[in-house]
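Worksheet: the structure to be examined is printed underneath.
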Amino acid sequence: MGCLQALSHRNIVRYFDFFESTTRYYSVMEKMQGCELTVALTEYGPKWSEKNCAGVMFDVLSAMSHLHQVVGVYHRDVKLENLMFRGRTSGPFAGRKIDGGMVLLDFGLCRFIGQPYDGHYAGTKLYRAPEVSRSKEDGGFSCAVDLWA
């Protein structure tokens, strides 16, 4: 449970518990009520302001700073689809709002800083940093890879 407490940050999805069966792993996390960043950019495109952009960037960088400096992990798959607004819990636009702060999701590929390289070429190709390579001893993964994405 110590890792779950370390993950606690307003811009990181809240994990409540993990379960293991003989064939699968399960994670219990908070339900997001807002929309994905990709949806917000598509629907609000012309209305998207510098203020919106600055707020999202502040939230994302705050989440990554916490991951890197406090928790000691790098995500390895930061992308638009793994960013979602916390959003409203009720009202006519519940699930479609761009409020509640930006939240980083999907920690399935994350690794502890200093952990031996697992040999997997992780991440989404479109967002992958140029230094990531199978030919490197550490795969090229570092905290900088999250910032590149």
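The values are calculated or read from the model by the stated rules, or taken from the named source; none is laboratory data. Values in this document were obtained by computation on a predicted structure and should not be read as measured data. All Cβ positions, glycine included, derive from the backbone under ideal geometry; neighbour counts span all protein chains shown. SASA here: full protein model, heavy atoms, side chains in, ligands and nucleic acids out. Shrake-Rupley method; radii C 1.70, N 1.55, O 1.52, S 1.80 Å.
Charged neighbours of ASN82, selected by a Cβ distance under 9 Å, balance to -3 (K, R count +1; D, E count -1). Spacing of the modelled spin labels on ILE113 and SER65, each 7 Å from Cα toward Cβ, amounts to 1.4 nm.
Solvent-accessible area assigned to carbon and sulfur over the range 1-82 amounts to 56 percent, based on a 1.4 Å probe.
Quick one: length gained pulling LYS79 to PHE19 fully straight, 0.36 nm per residue minus the C-alpha distance?
Values: separation 60, 0.36 × 60 = 21.60 nm, distance 2.63 nm.
My answer for the length gained is 19.0 nm.
Output the pairs from LYS47/LYS79; LYS31/LYS79; LYS31/LYS51 with a Cα-Cα distance over 24 Å in this structure; if there are none, say none.
LYS31/LYS51
With R₀ set to 22 Å, the beta-carbon distance separating LYS125 from GLU30 gives a calculated FRET efficiency near 0.15.
Based on a Kirkwood Rh over C-alpha pairs, give the Stokes-Einstein translational diffusion coefficient of the range 1-85 at 20 °C and viscosity 1.002 mPa s in µm²/s. Before the final figure, lay out each step's value.
On the way: Rh = 14.6 Å.
For these conditions, the coefficient is 146 µm²/s.
Solvent exposure of LEU80, expressed as accessible area, is near 60 Å², computed with a probe of 1.4 Å over the protein chains only.
Backbone amide hydrogens, once placed in the peptide plane, bring VAL103 within less than 5 Å of MET84, PHE85, ARG86, excluding anything fewer than 5 places away on its chain.
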